[in-house]
Each structure stands twice: as C-alpha cells, then as structure tokens.
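A short write-up of the structure that comes next.
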Amino acid sequence: MVIKQIAIVLFDGFAFGMLLFVLSVGLSVTLGLMNFINLAHGAFGMLGGYVAVASMQYLGLPFFLALPAAFLAAAAVSVICERTLFRRLYRSDELNQVLFTIGLVFVAAAAAAYVFGTSQQPIQVPSFLRGSIEFSGMRFGAYRLFLIVVALVITLLLVFGLELTRFGAQVRASVDNQRTAQGLGLDVDTIFAITFALGSGLAGLGGALAVEIVGLDPSFGFHYLVYVLIVVSVGGLGSIAGSFFAAALLGICDVAGKYLVPEIGSFLIYLLLVAILFVRPIGLFGRR
Amino acid sequence: MTDATAASSESFRWLQRRRRFSVYEIAFWLATVVPFFVFPTYLTLASQIAIAALFAISVDLILGYAGIITLGHAMLFGIGAYTAGLISKAGWGEPLTGLLLAGGFAGLVGFVVSFIIVRVRHLALIMITLGLGLLSYELANAMEWLTGGTDGLQGVDIWPIFGTFKFDLWGYTAYGYALIVLFIGLLLSRKLVHSAFGLSLRGIRENLKRMPAIGSNYRGHLQKIYTISAAMAGVAGALLAQTTSTVSLDTLSFQRSADVVVMLILGGTGRLYGAIVGAIIFMVARDQLADMNPQYWYFWIGLLLMFVVLVTPDGILGALSRLARIRE
C-alpha cells in the first residue's frame, strides 16, 4: 500500500516536473546565452495557454492543433517583444531587466483579466487522454502519461538539436563565449532571436499543456514564474540536463509535499531552493 | 606624510559638504507637518506613507547603495511587525522598547541571512531573496499558534508613548510617531551613506572585483549594511503593527517586497529621498484609485515600471535633478 502511494506520488510529481521542464527550459537557454533575466517568460506560458483555450473555443481547433498554435503564438509575440523592447536592456544591469520584465508580467496579467476575465479557463482534451490507465493495481492518469511522453520527446529533440546540428553548435558556442563566437563571424544577434523565439514557444506550449493540470487564470504568469525560476536557477543556466533534473526534483518534491504534508504547503520547495543555492550558487549543473 | 593628511582632510571636507542639509531638504521636512493642519482626515494614510518610506529607505541602503537586489525584504518587515505585535500581546505594550526590540530582532535575523546573501550574486541572489521571502510567508502561515495564520494577530494593545500620547482614532499620534521615527531613520542613513563606509558601499556596487584589490573587506561591508537595513525594515514593520494594532500575513507577502522596490525605482535609487518621494506617490495614487480593480492598478504599475526603466532609469528625482542641471 505504502509502495503504491509512493509510486503514485513519484509518477504525478514526475509528470508535473515534466510540465515545469517544458515551461522553463527556454528561459534557461536564453539566460545562459544573453544573461538577460526575463521574468516575463511565465507570461509567454500564459499567452500559450490562452491561445490554446481560445482557439479551441472560438475557432473550433482540435486539441492537437491548438498546441502548435500556442507554440507559434508565443514564439511570434516573444520575438516581437525581443526585437522592439528587450534588446534595449541587454547592456543594462540586472535590476532594470528584472523591473522591466516584471512590469510586462503585470501588464500581461491585467490584459488577460480584461479579455478573458479572472475565472479559470476550461479546456477540452481528447477523450482518450481523460481517463486513467491501470497498471498492477495502480491508476495512472492518461494525461500525465501524455505529458511525460511530450516532455521526453522535446528533451530528445533539444539535446539532438543542440549537440548534432549546425545551429546547435552555434548556440553552444555563443553560450560559452559570446565575444569569441562573434569574432569568429557568428551572427549572435540572430542566433539569440531564434533561440529566444524557440524558448518562448516552448513556454507557450507548456502553458497550453498546463491548463488541464493546474488551470489557467491571469495569475498564471506570476504563479509559475516562481517555479520556472527555481528550475532555472537550481538547474544551472544554459544546461538542458540541469533543467530536466531540477524540474523533475521540484515536481516530485512539490507533489509529495502537497500530498503527504499539506499543512506546510510550499514551505518545502522554498527551503530546498534556498539550501541548494546556498551550497551551489551556480545551480546543480551550472558551470559559471 | 603631510600630503596624505592634506588629501585625507580634503576628502573629509568633501564628505562633510555632502552631509550638509540643503534648502530643499529643510523645506521638505517642514512640509511633512502640513497634514496635521490641512488634511487631518488623511493622517492615517500619512502615517502609512511614513512607514512605507522608512521601509523603502531600508531597501535603498542595500539596493541603491550596495547593489544588492532583493525581492524578499518583506521578510524583515514582517518579522519586525510580528515581533512588535507578539511583545505587546505578551503584556508589554510600551511602544519605544517594542520598536527597538523588533528592530533588534529583525537585525539579528538579517545578520544571519547576510551570510547567505554575500555568497551569491546575479540570478542566484534574486532567487535567494525571493525564496527567503516566500519561505517566511509559508512559515508564518504554518505557525498558526504563534502568528494567528491567515486571521493575523489581533488585539495588539499599545500603551501611550511616554505614558502621555495615546494612539487616537484619527491618527495624530500615529503620524507624529511614524514621522519622527522616519526622520531619525533618514538622519542615520544620511550619516551612513555620506561616510567612508558609504563610499566603499558605492564602490562595491560599481565594481565588485576591484574592491578586494584595493584592500576593502567587501563581504564585511555588505553584511554590515544588510544587517542595518534589516533592522530598519524591522522597525518599519513594528511601526505598522503598533499604529494599526494588528499584524496580518501580508506584512510578509511577496506583494509587499515588490511594492517597496517599485516605490524605490519610481522615486529613484541611491538617493534616500527617492525612497520617500516614491512612497508618497505610490501610496497616494493607490489610495486615490482604491475603487479600481487591483488587476488594473497593477496594469498601470507595470506600464510605469517599463516606462521608468526605458526613459528615466534614475527615477523621478533623478529626472528632476537632470532637468535642474540642464537649466543651469
């Protein structure tokens, strides 16, 4: 019985962690690339969520088309923001970056409340994702299984893309040493814009995937920002493996804390955050 | 030898000149008495502004002068508030000792935390301060037997100041009390930032790598200023607890940490009065727009933040002083 309970907690926690991974991996890469602290990353996730919900409700798109729509919308909006606003701040200090992007989160939350209201948004996932799958006497949620599969596919694609493609090599070179990469003739500016769009697109996809599990309201950008930042800072900047493990760890700790000791709430994960950063300020997998 | 003494006395004189009160400052402090006579119905708001300003100054000391970005300073504000509240609930309602004890305890916590703060920088620093803020909120929420949880601490009973000035419904005593504490806090901070210690803090903010090279013990300096700032934030929290006779969980909330940074940015960092001006504008605007849905209030705050960062990075006071310089 206890073992079954632990297995369920691990499974649910891992699924939640995978959701956090999709939401945050883009920020980890862009932060490592440009050292630009983009607190609006969670807001792109929220945008993806609303795009998915709205395109299903008003355009009648099926769930599996709403997901790429969310990805594209978040990527497009983020690249517009990057080209017009964020790039002015690459050279300014962290405080200005933090303030500017947090201002953007405030504005985004208010805009979402204005357009969609403050209530939770419903989403209709296909029927085969709604039930649960029984395995040796335990019931695993089909949607959570789906989340894990999606996250694993994305991880594989990212690792493959970063390690084996030409563009990936350029991104890695720019992360390692931006000046030298530029000196070798890489167009770091464009590389960054593309990476930024991909990363924010993934956040948008994560936001769309999250609606079924955690719901969607205008505070999404804020609430999940904290989770996203924990994943990024604990995992270490620019590290996909780091983000993966940090997200899994955070997801499992969060779910375990909420299932087993609900009275101390989120206390556990914050304690973990402070402890890990105290011991390793550059994160578990960070290199600098 | 004589050269060195001449040079040091020259720099000493420079520091002394910076320390002199300007006409604007004197006019400003005279103006703070105006609410007593002109807006007696707004005295409660005025005392809230004075408290927010003191809290913003405490953040300015570490953020504006030493360059420590914090998104969790409400932790120390809340600790001060709960300490003051609990002391009075334990049967000791004397306000001044309560204030000092609360400030002292917050300073102690700040000192302990400062060992963590000096270890980290950049994103990790932001995350640690954010994490500590959220941690203390969750802790206070879980320790319901001590803090009253979401109901807050009720029935805080504060005795009259010096046994004569009772806390009245209109807020005459509250405003006078908060104003005097704010003034003392500003005097101390002024002395601090216009000292050799204050200059080395600025050095740390401008170039952390060079400070050890010129023999400055930057970790010790940072710990010192963080502890001082923590104590001051604690005093501000205690003032709120004593003047409102309640302590609620939101003294520890992220909202409060974020609001105080917004006030500071709005007024201008690294210039003490920026904290006060920012607090006045922020609190008055929020009071006037109180019927607005909080969602939309934050829309304007967000726009304002983006505007300030892009257009006037040194806040309202910075923009004003630049204007004044152009005119000259």
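The values are calculated or read from the model by the stated rules, or taken from the named source; none is laboratory data. Computed from a prediction, not measured in an experiment: that's the story for all the values here. Because the Cβ atoms are built from the backbone with ideal geometry, glycine has one as well, and the counts that use them run over all protein chains shown.
The table that follows gives values for the structure above.
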| item | result |
| --- | --- |
| Hey, A:Ile240 touching a Gly at 6+ places or on another chain (Cβ under 6 Å) and touching a residue at least 60 places away in the same chain (Cβ under 8 Å) or not | no |
| Unique residue being touching a Phe, Trp or Tyr at 6+ places or on another chain (Cβ under 7 Å), at negative phi and crowded, with 21+ Cβ neighbours inside 10 Å when the list is B:Arg256, B:Arg202 | B:Arg256 |
| Cβ pairs under 8 Å, 6+ apart, first in the stretch B:244-265 and within 13 Å of chain A (Cβ to nearest Cβ), second surrounded by fewer than 20 Cβ atoms within 10 Å (Cβ to Cβ) and not in a helix (DSSP H, G or I) | B:Leu249/B:Gly152 |
| Helices (runs of 4 or more DSSP H) wholly inside the stretch B:1-104 that include at least 3 residues being touching a residue at least 12 places away in the same chain (Cβ under 8 Å) and crowded, with 16+ Cβ neighbours inside 10 Å | B:43-59, B:74-89 |
| Meets criteria (more than 14 Å from chain A (Cβ to nearest Cβ), surrounded by fewer than 21 Cβ atoms within 10 Å (Cβ to Cβ) and part of a helix (DSSP H, G or I)) for B:Leu146 | yes |
| Residue under evaluation B:Gly215, criteria (1) outside any helix (DSSP H, G or I); (2) touching a helix residue (DSSP H, G or I) at 6+ places or on another chain (Cβ under 9 Å); (3) not hydrophobic (A, V, I, L, M, F, W, C), criterion not met | (2) |
| Check on A:Arg130, of a type in the set (Lys, Arg), farther than 23 Å from A:Leu198 by Cβ and more than 9 Å from chain B (Cβ to nearest Cβ) | yes |
| Leading residue by the ranking (nearest to A:Ile240 (Cα to Cα)) among those in the stretch A:157-202 that are among the polar types (S, T, N, Q) and in contact with a Ser or Thr (Cβ under 7 Å, 6 or more places away or on another chain) | A:Thr195 |
| When residues of the stretch B:281-302 are limited to those that are surrounded by fewer than 19 Cβ atoms within 10 Å (Cβ to Cβ) and among the hydrophobic types (A, V, I, L, M, F, W, C), the one farthest from the chain's Cα centre (by Cα) | B:Met292 |
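One line per residue, one yes/no per condition, for (1) more than 14 Å from every other protein chain (Cβ to nearest Cβ); (2) of a type outside the set (S, T, N, Q):
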site	(1), (2)
A:Gly26	yes, yes
A:Asn35	no, no
A:Ala40	no, yes
A:Phe63	yes, yes
A:Asp93	no, yes
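Residue-by-condition table, conditions (1) at pLDDT below 90; (2) more than 27 Å from B:Ile204 (Cα to Cα):
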site	(1), (2)
B:Leu43	yes, yes
B:Asp60	no, no
B:Met75	no, no
B:Gly80	no, yes
B:Gly91	yes, yes
B:Glu94	yes, yes
B:Leu100	no, yes
B:Gly107	no, no
B:Val118	yes, no
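This table checks each residue for (1) in contact (Cβ under 8 Å) with a residue 24 or more places away in the chain; (2) closer than 20 Å to B:Ala102 by Cβ.
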| site | (1), (2) |
| --- | --- |
| B:Leu130 | yes, no |
| B:Glu144 | no, no |
| B:Asp151 | no, no |
| B:Ile161 | yes, yes |
